[in-house]
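Comments concern the structure below.
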Amino acid sequence: MRRFLSFITWALLCCRTTQAEVFTSIGQMTDLIYTEKELVQSLREYIKEEESKLSALRSWANKLDDLTKVSTSDPEGYLAHPVNAYKLMKRLNKEWSELESLVLQNPSDAFISNMSMHRQFFPDEEDETGAAKALMRLQDTYQLDSEAFSKGKLPGMHSNAILTVDDCYDMGKTAYNDADYYHAVLWMQQALKQLDAGEEAVVSKADILDYLSYSVYQMGDLPRAIELTRRLVAIDRSHQRAGGNLRYYEGLLFKQLKELNQAYQPVSEEPIQLGTYSRPKDHLPEREAYEALCRGEGVRMTEARRSRLFCRYRDGQRNPHLLLKPVMEEDEWDSPHIVRYLNVLSNDEIEKIKELAKPRLARATVRDPKTGVLTTANYRVSKSAWLEGDEDPVITRVNQRIEDITGLTVDTAELLQVANYGVGGQYEPHYDFSRKDEPDAFKRLGTGNRVATFLNYMSDVEAGGATVFPDFGAAIHPRKGTAVFWYNLFKSGEGDYRTRHAACPVLVGSKWVSNKWIHERGQEFRRPALSGHTDVSPMSEK
(Lines give C-alpha, C1' and ligand atoms only; values in the text may rest on other atoms or scores of the structure.)
Protein backbone atom coordinates (compact mmCIF):
# COMPACT_ATOMS: atom_id res chain seq x y z
CA MET A 1 0.00 0.00 0.00
CA ARG A 2 2.86 2.38 0.81
CA ARG A 3 4.35 1.69 -2.62
CA PHE A 4 0.96 2.36 -4.19
CA LEU A 5 0.69 5.71 -2.42
CA SER A 6 4.16 6.66 -3.57
CA PHE A 7 3.10 5.87 -7.14
CA ILE A 8 0.00 8.06 -6.70
CA THR A 9 2.15 10.93 -5.46
CA TRP A 10 4.47 10.54 -8.43
CA ALA A 11 1.59 10.47 -10.89
CA LEU A 12 -0.03 13.56 -9.41
CA LEU A 13 3.06 15.69 -8.87
CA CYS A 14 5.59 14.62 -11.47
CA CYS A 15 3.52 14.00 -14.58
CA ARG A 16 2.30 17.59 -14.95
CA THR A 17 2.63 18.33 -18.66
CA THR A 18 -0.91 19.71 -18.47
CA GLN A 19 -2.98 21.89 -20.71
CA ALA A 20 -3.50 24.88 -18.45
CA GLU A 21 -6.66 26.97 -18.20
CA VAL A 22 -9.06 24.05 -18.57
CA PHE A 23 -11.54 26.01 -16.45
CA THR A 24 -12.04 28.60 -19.23
CA SER A 25 -14.08 26.19 -21.38
CA ILE A 26 -17.04 24.07 -20.27
CA GLY A 27 -16.74 22.21 -23.59
CA GLN A 28 -13.28 20.92 -22.70
CA MET A 29 -14.17 20.35 -19.05
CA THR A 30 -16.84 17.82 -20.10
CA ASP A 31 -14.04 15.51 -21.27
CA LEU A 32 -12.71 15.48 -17.70
CA ILE A 33 -16.04 14.09 -16.47
CA TYR A 34 -15.57 10.97 -18.60
CA THR A 35 -11.89 10.80 -17.70
CA GLU A 36 -12.79 10.78 -14.01
CA LYS A 37 -15.39 8.05 -14.59
CA GLU A 38 -12.75 5.91 -16.32
CA LEU A 39 -10.30 6.49 -13.47
CA VAL A 40 -12.92 5.46 -10.89
CA GLN A 41 -13.45 2.21 -12.82
CA SER A 42 -9.69 1.69 -12.94
CA LEU A 43 -9.48 2.32 -9.19
CA ARG A 44 -12.23 -0.21 -8.52
CA GLU A 45 -10.37 -2.81 -10.58
CA TYR A 46 -7.25 -2.13 -8.56
CA ILE A 47 -9.19 -2.51 -5.29
CA LYS A 48 -10.70 -5.79 -6.57
CA GLU A 49 -7.23 -7.14 -7.41
CA GLU A 50 -5.88 -6.07 -4.02
CA GLU A 51 -8.81 -7.75 -2.27
CA SER A 52 -8.26 -10.91 -4.31
CA LYS A 53 -4.59 -10.87 -3.39
CA LEU A 54 -5.34 -10.33 0.30
CA SER A 55 -7.96 -13.09 0.22
CA ALA A 56 -5.40 -15.53 -1.16
CA LEU A 57 -2.84 -14.49 1.46
CA ARG A 58 -5.41 -14.76 4.24
CA SER A 59 -6.43 -18.24 3.13
CA TRP A 60 -2.77 -19.34 2.99
CA ALA A 61 -2.07 -17.84 6.41
CA ASN A 62 -5.07 -19.58 7.96
CA LYS A 63 -4.04 -22.93 6.47
CA LEU A 64 -0.46 -22.56 7.70
CA ASP A 65 -1.63 -21.37 11.10
CA ASP A 66 -3.54 -24.60 11.59
CA LEU A 67 -0.66 -26.67 10.24
CA THR A 68 2.03 -25.06 12.42
CA LYS A 69 -0.06 -25.53 15.54
CA VAL A 70 0.10 -29.29 14.89
CA SER A 71 3.75 -29.39 13.77
CA THR A 72 5.09 -27.32 16.68
CA SER A 73 3.24 -29.31 19.30
CA ASP A 74 5.47 -32.35 18.56
CA PRO A 75 8.07 -31.56 15.86
CA GLU A 76 9.75 -34.99 15.89
CA GLY A 77 6.51 -36.87 15.94
CA TYR A 78 5.21 -34.70 13.09
CA LEU A 79 8.28 -35.27 10.94
CA ALA A 80 8.27 -38.97 11.72
CA HIS A 81 5.67 -39.29 9.02
CA PRO A 82 7.50 -39.21 5.67
CA VAL A 83 4.67 -37.33 3.92
CA ASN A 84 4.94 -34.48 6.45
CA ALA A 85 8.69 -34.34 5.97
CA TYR A 86 8.28 -34.19 2.19
CA LYS A 87 5.62 -31.50 2.37
CA LEU A 88 7.76 -29.34 4.68
CA MET A 89 10.59 -29.51 2.16
CA LYS A 90 8.20 -28.68 -0.67
CA ARG A 91 6.58 -25.78 1.17
CA LEU A 92 9.82 -24.09 2.11
CA ASN A 93 11.46 -24.74 -1.25
CA LYS A 94 8.61 -23.87 -3.59
CA GLU A 95 5.35 -22.77 -1.99
CA TRP A 96 6.84 -20.05 0.22
CA SER A 97 8.67 -18.72 -2.85
CA GLU A 98 5.36 -18.63 -4.69
CA LEU A 99 3.85 -16.79 -1.72
CA GLU A 100 6.74 -14.33 -1.82
CA SER A 101 6.03 -13.69 -5.51
CA LEU A 102 2.35 -13.12 -4.73
CA VAL A 103 3.24 -10.58 -2.04
CA LEU A 104 5.58 -8.79 -4.43
CA GLN A 105 2.92 -8.51 -7.14
CA ASN A 106 1.79 -4.91 -7.53
CA PRO A 107 -1.83 -4.62 -8.74
CA SER A 108 -1.44 -0.82 -8.80
CA ASP A 109 0.68 -0.87 -11.97
CA ALA A 110 -2.32 -0.81 -14.34
CA PHE A 111 -4.01 1.95 -12.36
CA ILE A 112 -0.85 4.07 -12.23
CA SER A 113 -0.33 3.58 -15.97
CA ASN A 114 -3.90 4.76 -16.61
CA MET A 115 -3.40 7.73 -14.30
CA SER A 116 -0.19 8.71 -16.03
CA MET A 117 -1.83 8.56 -19.44
CA HIS A 118 -4.66 10.89 -18.41
CA ARG A 119 -2.65 13.13 -16.10
CA GLN A 120 -1.36 15.30 -18.94
CA PHE A 121 -4.91 16.53 -19.53
CA PHE A 122 -5.70 17.23 -15.87
CA PRO A 123 -6.24 20.77 -14.59
CA ASP A 124 -3.38 22.29 -12.63
CA GLU A 125 -2.98 24.81 -9.82
CA GLU A 126 -3.74 27.63 -12.23
CA ASP A 127 -7.06 26.00 -13.14
CA GLU A 128 -8.08 25.53 -9.52
CA THR A 129 -7.21 29.15 -8.74
CA GLY A 130 -9.00 30.34 -11.88
CA ALA A 131 -12.13 28.36 -11.01
CA ALA A 132 -12.10 29.77 -7.45
CA LYS A 133 -11.80 33.33 -8.77
CA ALA A 134 -14.61 32.57 -11.21
CA LEU A 135 -16.93 31.68 -8.31
CA MET A 136 -16.00 34.96 -6.65
CA ARG A 137 -16.73 36.81 -9.91
CA LEU A 138 -20.16 35.19 -10.04
CA GLN A 139 -20.65 36.07 -6.39
CA ASP A 140 -19.95 39.74 -7.14
CA THR A 141 -21.84 40.04 -10.42
CA TYR A 142 -25.02 38.33 -9.25
CA GLN A 143 -24.75 39.46 -5.60
CA LEU A 144 -24.75 35.96 -4.14
CA ASP A 145 -23.60 35.37 -0.59
CA SER A 146 -21.10 32.66 0.29
CA GLU A 147 -23.74 30.59 2.06
CA ALA A 148 -25.86 30.38 -1.09
CA PHE A 149 -22.87 28.98 -2.96
CA SER A 150 -21.90 26.60 -0.17
CA LYS A 151 -25.40 25.11 -0.15
CA GLY A 152 -25.70 24.94 -3.95
CA LYS A 153 -28.46 27.54 -4.07
CA LEU A 154 -28.19 29.49 -7.30
CA PRO A 155 -30.96 31.54 -8.94
CA GLY A 156 -33.55 29.22 -10.39
CA MET A 157 -31.94 26.01 -9.19
CA HIS A 158 -30.94 24.00 -6.15
CA SER A 159 -28.47 21.14 -6.36
CA ASN A 160 -26.39 18.84 -4.20
CA ALA A 161 -23.22 20.64 -5.29
CA ILE A 162 -22.23 21.87 -1.83
CA LEU A 163 -19.02 23.38 -0.50
CA THR A 164 -17.54 21.93 2.69
CA VAL A 165 -15.65 23.81 5.40
CA ASP A 166 -12.40 22.87 3.71
CA ASP A 167 -13.71 24.03 0.32
CA CYS A 168 -14.69 27.41 1.76
CA TYR A 169 -11.32 27.67 3.52
CA ASP A 170 -9.50 26.97 0.24
CA MET A 171 -11.61 29.60 -1.50
CA GLY A 172 -10.69 32.13 1.17
CA LYS A 173 -7.03 31.17 0.99
CA THR A 174 -7.01 31.65 -2.79
CA ALA A 175 -8.33 35.18 -2.31
CA TYR A 176 -5.91 35.84 0.57
CA ASN A 177 -2.90 34.76 -1.49
CA ASP A 178 -4.00 37.24 -4.14
CA ALA A 179 -4.26 40.01 -1.50
CA ASP A 180 -8.01 40.01 -2.12
CA TYR A 181 -9.01 40.47 1.52
CA TYR A 182 -12.62 41.34 0.65
CA HIS A 183 -13.34 37.82 -0.65
CA ALA A 184 -10.97 36.22 1.88
CA VAL A 185 -13.21 37.59 4.65
CA LEU A 186 -16.42 36.32 3.01
CA TRP A 187 -15.14 32.78 2.52
CA MET A 188 -13.21 32.41 5.78
CA GLN A 189 -16.31 33.64 7.60
CA GLN A 190 -18.41 30.99 5.81
CA ALA A 191 -15.87 28.30 6.71
CA LEU A 192 -16.00 29.42 10.35
CA LYS A 193 -19.80 29.47 10.33
CA GLN A 194 -20.04 25.91 9.03
CA LEU A 195 -17.37 24.71 11.46
CA ASP A 196 -19.18 26.36 14.40
CA ALA A 197 -22.34 24.58 13.25
CA GLY A 198 -20.64 21.23 13.86
CA GLU A 199 -19.48 20.27 10.37
CA GLU A 200 -16.37 18.12 10.39
CA ALA A 201 -13.25 19.41 8.64
CA VAL A 202 -9.55 18.82 8.17
CA VAL A 203 -8.68 22.48 8.67
CA SER A 204 -8.59 23.73 12.26
CA LYS A 205 -10.61 26.61 13.68
CA ALA A 206 -7.33 28.29 14.65
CA ASP A 207 -6.18 28.34 11.01
CA ILE A 208 -9.48 29.86 9.86
CA LEU A 209 -9.42 32.52 12.59
CA ASP A 210 -5.80 33.35 11.73
CA TYR A 211 -6.63 34.19 8.11
CA LEU A 212 -9.99 35.76 8.94
CA SER A 213 -8.73 38.11 11.65
CA TYR A 214 -5.89 39.45 9.52
CA SER A 215 -8.16 39.87 6.47
CA VAL A 216 -10.69 41.79 8.59
CA TYR A 217 -7.85 44.00 9.82
CA GLN A 218 -6.87 44.65 6.19
CA MET A 219 -10.47 45.71 5.52
CA GLY A 220 -10.04 48.38 8.21
CA ASP A 221 -12.29 46.83 10.87
CA LEU A 222 -10.03 46.93 13.93
CA PRO A 223 -12.67 46.14 16.60
CA ARG A 224 -13.75 42.97 14.83
CA ALA A 225 -10.13 42.01 14.07
CA ILE A 226 -9.41 42.28 17.81
CA GLU A 227 -12.43 40.19 18.73
CA LEU A 228 -11.48 37.45 16.24
CA THR A 229 -7.84 37.47 17.34
CA ARG A 230 -8.94 37.08 20.99
CA ARG A 231 -10.90 34.00 19.92
CA LEU A 232 -7.75 32.68 18.25
CA VAL A 233 -5.62 33.28 21.39
CA ALA A 234 -8.22 31.54 23.54
CA ILE A 235 -7.97 28.47 21.29
CA ASP A 236 -4.20 28.47 20.87
CA ARG A 237 -2.22 30.55 23.40
CA SER A 238 1.06 29.43 21.82
CA HIS A 239 0.13 30.69 18.35
CA GLN A 240 3.17 32.40 16.80
CA ARG A 241 1.46 35.55 15.52
CA ALA A 242 -1.78 35.84 17.45
CA GLY A 243 -0.42 37.46 20.63
CA GLY A 244 1.69 39.99 18.75
CA ASN A 245 -1.15 40.83 16.37
CA LEU A 246 -3.57 41.31 19.24
CA ARG A 247 -1.29 43.79 21.01
CA TYR A 248 -0.69 45.62 17.72
CA TYR A 249 -4.39 45.88 16.86
CA GLU A 250 -5.31 47.03 20.39
CA GLY A 251 -2.59 49.69 20.25
CA LEU A 252 -3.82 50.96 16.87
CA LEU A 253 -7.42 51.10 18.05
CA PHE A 254 -6.48 52.92 21.28
CA LYS A 255 -4.53 55.48 19.24
CA GLN A 256 -7.42 56.01 16.80
CA LEU A 257 -9.99 56.42 19.57
CA LYS A 258 -7.74 58.87 21.40
CA GLU A 259 -7.18 61.00 18.26
CA LEU A 260 -10.93 61.05 17.55
CA ASN A 261 -11.81 61.53 21.23
CA GLN A 262 -14.22 58.60 21.05
CA ALA A 263 -15.10 55.83 23.47
CA TYR A 264 -14.73 52.17 22.59
CA GLN A 265 -17.85 50.66 21.02
CA PRO A 266 -18.57 46.94 21.37
CA VAL A 267 -18.23 44.90 18.20
CA SER A 268 -21.49 44.36 16.32
CA GLU A 269 -22.99 40.96 16.97
CA GLU A 270 -24.16 40.81 13.34
CA PRO A 271 -22.15 38.17 11.45
CA ILE A 272 -19.98 39.22 8.54
CA GLN A 273 -21.92 38.81 5.32
CA LEU A 274 -22.25 40.20 1.82
CA GLY A 275 -22.52 43.97 2.24
CA THR A 276 -20.71 44.21 5.60
CA TYR A 277 -17.69 45.66 3.81
CA SER A 278 -17.56 47.68 0.60
CA ARG A 279 -16.12 45.92 -2.39
CA PRO A 280 -12.90 47.63 -3.56
CA LYS A 281 -13.07 49.63 -6.78
CA ASP A 282 -11.24 48.25 -9.80
CA HIS A 283 -10.14 49.30 -13.28
CA LEU A 284 -13.60 49.21 -14.86
CA PRO A 285 -15.44 52.56 -14.65
CA GLU A 286 -18.84 51.10 -15.57
CA ARG A 287 -18.55 48.07 -13.29
CA GLU A 288 -21.78 48.75 -11.39
CA ALA A 289 -23.84 49.43 -14.53
CA TYR A 290 -22.40 46.39 -16.30
CA GLU A 291 -23.08 43.99 -13.44
CA ALA A 292 -26.56 45.44 -12.85
CA LEU A 293 -27.46 44.70 -16.48
CA CYS A 294 -26.15 41.15 -16.04
CA ARG A 295 -28.61 40.75 -13.16
CA GLY A 296 -31.44 42.14 -15.29
CA GLU A 297 -31.43 45.48 -13.50
CA GLY A 298 -31.16 48.89 -15.16
CA VAL A 299 -32.40 47.79 -18.59
CA ARG A 300 -33.71 50.95 -20.24
CA MET A 301 -36.43 49.37 -22.36
CA THR A 302 -39.23 51.93 -22.14
CA GLU A 303 -42.69 51.58 -23.67
CA ALA A 304 -41.85 54.35 -26.15
CA ARG A 305 -38.75 52.48 -27.26
CA ARG A 306 -40.57 49.17 -27.40
CA SER A 307 -43.16 50.70 -29.72
CA ARG A 308 -40.39 51.38 -32.24
CA LEU A 309 -39.25 47.76 -32.38
CA PHE A 310 -40.65 45.47 -35.06
CA CYS A 311 -40.30 42.04 -36.65
CA ARG A 312 -39.96 41.51 -40.40
CA TYR A 313 -38.78 39.07 -43.04
CA ARG A 314 -35.59 39.93 -44.95
CA ASP A 315 -34.70 38.61 -48.39
CA GLY A 316 -31.38 40.44 -48.62
CA GLN A 317 -32.70 42.81 -51.31
CA ARG A 318 -34.00 39.86 -53.33
CA ASN A 319 -30.89 37.77 -52.78
CA PRO A 320 -31.40 34.45 -54.64
CA HIS A 321 -30.42 32.50 -51.53
CA LEU A 322 -33.16 34.16 -49.47
CA LEU A 323 -36.00 34.56 -51.96
CA LEU A 324 -37.65 31.25 -51.17
CA LYS A 325 -36.71 31.28 -47.51
CA PRO A 326 -36.31 34.83 -46.17
CA VAL A 327 -34.81 35.26 -42.71
CA MET A 328 -36.89 36.61 -39.85
CA GLU A 329 -35.42 39.78 -38.30
CA GLU A 330 -36.38 41.14 -34.87
CA ASP A 331 -35.40 44.56 -33.56
CA GLU A 332 -33.58 44.25 -30.23
CA TRP A 333 -32.76 47.97 -29.87
CA ASP A 334 -33.57 51.11 -31.79
CA SER A 335 -30.50 53.34 -31.50
CA PRO A 336 -27.94 52.08 -32.11
CA HIS A 337 -29.85 49.59 -34.17
CA ILE A 338 -29.33 46.00 -33.02
CA VAL A 339 -31.25 43.19 -34.69
CA ARG A 340 -31.66 39.49 -34.02
CA TYR A 341 -32.02 36.95 -36.84
CA LEU A 342 -33.94 33.76 -36.11
CA ASN A 343 -33.09 30.22 -37.26
CA VAL A 344 -29.70 31.28 -38.60
CA LEU A 345 -27.98 28.03 -37.58
CA SER A 346 -29.51 24.56 -37.48
CA ASN A 347 -28.75 22.10 -34.69
CA ASP A 348 -26.68 19.97 -37.09
CA GLU A 349 -24.65 23.01 -38.17
CA ILE A 350 -24.06 24.00 -34.55
CA GLU A 351 -22.85 20.53 -33.62
CA LYS A 352 -20.54 20.43 -36.64
CA ILE A 353 -19.03 23.82 -35.78
CA LYS A 354 -18.47 22.70 -32.19
CA GLU A 355 -16.95 19.44 -33.39
CA LEU A 356 -14.48 21.32 -35.61
CA ALA A 357 -13.63 23.88 -32.93
CA LYS A 358 -13.36 21.75 -29.81
CA PRO A 359 -9.95 20.13 -30.49
CA ARG A 360 -8.49 23.58 -31.22
CA LEU A 361 -9.95 25.55 -28.34
CA ALA A 362 -7.33 27.74 -26.70
CA ARG A 363 -7.53 30.59 -24.21
CA ALA A 364 -9.36 33.43 -25.97
CA THR A 365 -7.22 36.40 -26.90
CA VAL A 366 -7.68 40.11 -27.51
CA ARG A 367 -5.76 42.21 -29.99
CA ASP A 368 -3.17 44.46 -28.36
CA PRO A 369 -4.19 47.98 -29.44
CA LYS A 370 -0.57 49.12 -29.78
CA THR A 371 1.02 46.15 -31.53
CA GLY A 372 -1.96 44.42 -33.14
CA VAL A 373 -0.70 41.12 -31.69
CA LEU A 374 -3.21 38.72 -30.12
CA THR A 375 -2.68 38.19 -26.39
CA THR A 376 -4.62 36.79 -23.41
CA ALA A 377 -6.29 39.10 -20.88
CA ASN A 378 -7.82 38.57 -17.43
CA TYR A 379 -11.00 40.38 -18.48
CA ARG A 380 -11.75 37.77 -21.14
CA VAL A 381 -12.33 34.29 -19.72
CA SER A 382 -13.22 31.80 -22.43
CA LYS A 383 -11.62 29.57 -25.03
CA SER A 384 -11.84 30.10 -28.75
CA ALA A 385 -10.87 28.60 -32.08
CA TRP A 386 -10.68 30.10 -35.56
CA LEU A 387 -12.24 28.17 -38.44
CA GLU A 388 -11.22 28.57 -42.08
CA GLY A 389 -14.01 29.01 -44.59
CA ASP A 390 -12.88 26.19 -46.85
CA GLU A 391 -12.16 23.51 -44.24
CA ASP A 392 -15.74 22.24 -44.16
CA PRO A 393 -18.89 22.85 -46.25
CA VAL A 394 -20.75 23.94 -43.11
CA ILE A 395 -18.33 26.84 -42.51
CA THR A 396 -18.54 27.84 -46.16
CA ARG A 397 -22.33 27.77 -45.95
CA VAL A 398 -22.44 29.80 -42.72
CA ASN A 399 -20.10 32.47 -44.12
CA GLN A 400 -22.23 32.75 -47.25
CA ARG A 401 -25.38 33.04 -45.15
CA ILE A 402 -23.87 35.91 -43.15
CA GLU A 403 -23.04 37.70 -46.40
CA ASP A 404 -26.54 37.09 -47.79
CA ILE A 405 -28.25 38.38 -44.65
CA THR A 406 -26.10 41.47 -44.06
CA GLY A 407 -25.40 42.41 -47.67
CA LEU A 408 -21.73 42.86 -46.70
CA THR A 409 -18.86 40.90 -48.18
CA VAL A 410 -17.12 38.45 -45.88
CA ASP A 411 -14.12 38.09 -48.19
CA THR A 412 -12.25 40.59 -46.03
CA ALA A 413 -13.82 39.48 -42.74
CA GLU A 414 -11.92 37.66 -40.04
CA LEU A 415 -12.21 33.88 -39.78
CA LEU A 416 -15.23 32.52 -37.94
CA GLN A 417 -14.28 32.61 -34.27
CA VAL A 418 -15.92 29.99 -32.08
CA ALA A 419 -15.90 30.63 -28.32
CA ASN A 420 -16.92 28.54 -25.35
CA TYR A 421 -17.24 30.11 -21.91
CA GLY A 422 -16.16 28.11 -18.87
CA VAL A 423 -16.71 28.56 -15.14
CA GLY A 424 -17.80 32.17 -14.68
CA GLY A 425 -16.80 32.81 -18.31
CA GLN A 426 -17.08 36.44 -19.35
CA TYR A 427 -15.74 39.22 -21.56
CA GLU A 428 -15.79 42.55 -19.74
CA PRO A 429 -16.94 45.77 -21.52
CA HIS A 430 -14.95 46.37 -24.68
CA TYR A 431 -15.17 47.77 -28.18
CA ASP A 432 -14.99 45.52 -31.23
CA PHE A 433 -13.54 48.31 -33.38
CA SER A 434 -10.17 50.05 -33.00
CA ARG A 435 -10.22 53.57 -31.62
CA LYS A 436 -8.25 56.61 -32.78
CA ASP A 437 -5.56 56.03 -30.16
CA GLU A 438 -4.90 52.52 -31.48
CA PRO A 439 -4.60 52.92 -35.28
CA ASP A 440 -2.46 49.80 -35.72
CA ALA A 441 -4.85 47.34 -34.09
CA PHE A 442 -5.85 45.74 -37.42
CA LYS A 443 -2.96 47.02 -39.54
CA ARG A 444 -1.57 43.52 -40.06
CA LEU A 445 -4.85 42.36 -41.59
CA GLY A 446 -4.86 45.17 -44.14
CA THR A 447 -8.66 45.19 -44.29
CA GLY A 448 -9.50 48.32 -42.33
CA ASN A 449 -11.52 48.54 -39.16
CA ARG A 450 -14.28 46.22 -37.93
CA VAL A 451 -17.35 47.75 -39.49
CA ALA A 452 -19.87 45.28 -38.06
CA THR A 453 -20.31 42.33 -35.69
CA PHE A 454 -22.36 39.21 -36.46
CA LEU A 455 -22.74 37.11 -33.29
CA ASN A 456 -24.21 33.60 -33.47
CA TYR A 457 -25.63 32.07 -30.30
CA MET A 458 -24.98 28.33 -30.44
CA SER A 459 -26.51 27.39 -27.09
CA ASP A 460 -29.14 28.44 -24.61
CA VAL A 461 -27.81 29.49 -21.21
CA GLU A 462 -29.74 28.59 -18.07
CA ALA A 463 -28.62 31.65 -16.09
CA GLY A 464 -26.32 34.56 -16.90
CA GLY A 465 -24.34 34.94 -20.09
CA ALA A 466 -26.24 37.91 -21.54
CA THR A 467 -24.67 40.35 -24.01
CA VAL A 468 -25.05 43.78 -22.44
CA PHE A 469 -24.43 47.35 -23.58
CA PRO A 470 -23.78 49.53 -20.50
CA ASP A 471 -23.83 52.83 -22.43
CA PHE A 472 -27.52 52.62 -23.29
CA GLY A 473 -28.74 49.90 -20.94
CA ALA A 474 -29.51 46.98 -23.22
CA ALA A 475 -29.33 43.28 -22.34
CA ILE A 476 -29.62 40.60 -25.04
CA HIS A 477 -29.98 37.01 -23.90
CA PRO A 478 -28.62 33.97 -25.78
CA ARG A 479 -31.14 31.98 -27.80
CA LYS A 480 -29.77 28.94 -29.56
CA GLY A 481 -29.74 29.18 -33.35
CA THR A 482 -30.23 32.95 -33.44
CA ALA A 483 -27.73 35.71 -34.24
CA VAL A 484 -27.47 39.39 -33.39
CA PHE A 485 -25.97 42.03 -35.66
CA TRP A 486 -24.90 45.62 -35.24
CA TYR A 487 -22.65 48.17 -36.90
CA ASN A 488 -19.57 49.28 -34.98
CA LEU A 489 -18.87 52.22 -37.31
CA PHE A 490 -20.98 55.02 -38.66
CA LYS A 491 -21.04 55.36 -42.45
CA SER A 492 -18.40 58.05 -42.11
CA GLY A 493 -15.98 55.47 -40.70
CA GLU A 494 -16.12 56.99 -37.23
CA GLY A 495 -16.52 54.52 -34.37
CA ASP A 496 -19.89 54.28 -32.64
CA TYR A 497 -18.76 54.40 -29.00
CA ARG A 498 -22.22 53.43 -27.83
CA THR A 499 -21.51 49.85 -28.97
CA ARG A 500 -19.17 49.12 -26.06
CA HIS A 501 -20.52 45.78 -24.85
CA ALA A 502 -19.77 42.82 -22.64
CA ALA A 503 -20.48 39.11 -22.25
CA CYS A 504 -21.84 38.58 -18.73
CA PRO A 505 -20.41 35.73 -16.63
CA VAL A 506 -22.17 32.42 -17.20
CA LEU A 507 -23.84 31.52 -13.90
CA VAL A 508 -25.39 28.18 -14.85
CA GLY A 509 -24.87 26.37 -18.13
CA SER A 510 -22.42 26.39 -21.03
CA LYS A 511 -22.30 29.23 -23.52
CA TRP A 512 -21.21 28.64 -27.11
CA VAL A 513 -21.02 31.51 -29.62
CA SER A 514 -19.38 32.19 -32.95
CA ASN A 515 -18.37 35.64 -34.16
CA LYS A 516 -17.89 37.06 -37.63
CA TRP A 517 -16.15 40.42 -37.53
CA ILE A 518 -16.76 42.14 -40.85
CA HIS A 519 -14.16 44.69 -41.99
CA GLU A 520 -14.35 47.91 -44.01
CA ARG A 521 -12.39 46.81 -47.08
CA GLY A 522 -14.69 45.59 -49.83
CA GLN A 523 -17.80 47.35 -48.52
CA GLU A 524 -17.29 50.51 -50.61
CA PHE A 525 -20.25 49.77 -52.90
CA ARG A 526 -22.24 47.79 -50.35
CA ARG A 527 -22.16 50.45 -47.65
CA PRO A 528 -21.01 53.75 -49.21
CA ALA A 529 -19.30 56.21 -46.86
CA LEU A 530 -20.88 59.54 -45.97
CA SER A 531 -18.56 62.51 -46.24
CA GLY A 532 -18.63 64.95 -43.35
CA HIS A 533 -21.20 63.09 -41.28
CA THR A 534 -20.24 61.40 -38.04
CA ASP A 535 -23.62 61.19 -36.37
CA VAL A 536 -25.56 58.95 -38.72
CA SER A 537 -27.06 56.01 -36.89
CA PRO A 538 -26.69 52.60 -38.54
CA MET A 539 -30.42 52.19 -37.92
CA SER A 540 -31.13 54.37 -40.93
CA GLU A 541 -29.65 51.68 -43.16
CA LYS A 542 -32.12 48.98 -42.26
* Globularity index of region 430-477, i.e. its alpha-carbon radius of gyration over 2.2 N^0.38 Å -> 1.51
* Structure fact -> Over its alpha-carbon atoms, region 89-187 yields an Rg and a Dmax in Å of 23.9, 78
* Structure fact -> To the nearest 0.05, the calculated FRET efficiency linking Ala304 and His283 through their beta-carbon distance, R0 being 41 Å, is 0.70
* Which pairs in the list Lys443/Lys511; Lys69/Lys94; Lys37/Lys358; Lys281/Lys480 are over 24 Å apart, alpha-carbon to alpha-carbon? -> Lys443/Lys511; Lys281/Lys480
* Structure fact -> Along region 273-283, Karplus-curve 3J(HN,Hα) (6.51, -1.76, 1.60; θ = phi - 60°) to the nearest Hz, with x for Gly and Pro, reads 8, 4, x, 4, 10, 6, 6, x, 6, 10, 6
* Asked: Label points 7 Å out from Cα along the Cβ direction at Glu270 and Glu414: separation in nm?
  -> 4.6 nm
* Structure fact -> Per the Kirkwood formula over distinct C-alpha pairs, the hydrodynamic radius of region 202-337 in angstrom is 20.8 Å
* To do: First compute the accessible area of the chain with a 1.4 Å probe, then give the percent of it belonging to carbon and sulfur atoms.
  => 52 percent
* Convex hull (Cα only) mean projected area of the chain, reported in nm² to one decimal -> 39.9 nm²
* Relative contact order for the chain using alpha-carbon pairs under 8 Å, separation at least 6, rounded to a whole percent? -> 14 percent
* Structure fact -> Expressed per residue, the solvent accessible area of the chain in Å² (1.4 Å probe) is about 53 Å²
* Asked: Using Cα pairs under 8 angstrom and six or more residues apart, how large is the relative contact order of region 41-173, in percent?
  -> 19 percent
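The values are calculated or read from the model by the stated rules, or taken from the named source; none is laboratory data. Treat the numbers as computed from the prediction; the structure is a model and nothing was measured. A quick note on method: Cβ atoms are made from the backbone with ideal geometry, for glycine too, and the neighbour counts reach across all protein chains shown. The protein model used for the area step is the full one, side chains on, heavy atoms only, and it has no ligands, DNA or RNA in it. Shrake-Rupley method; radii C 1.70, N 1.55, O 1.52, S 1.80 Å.
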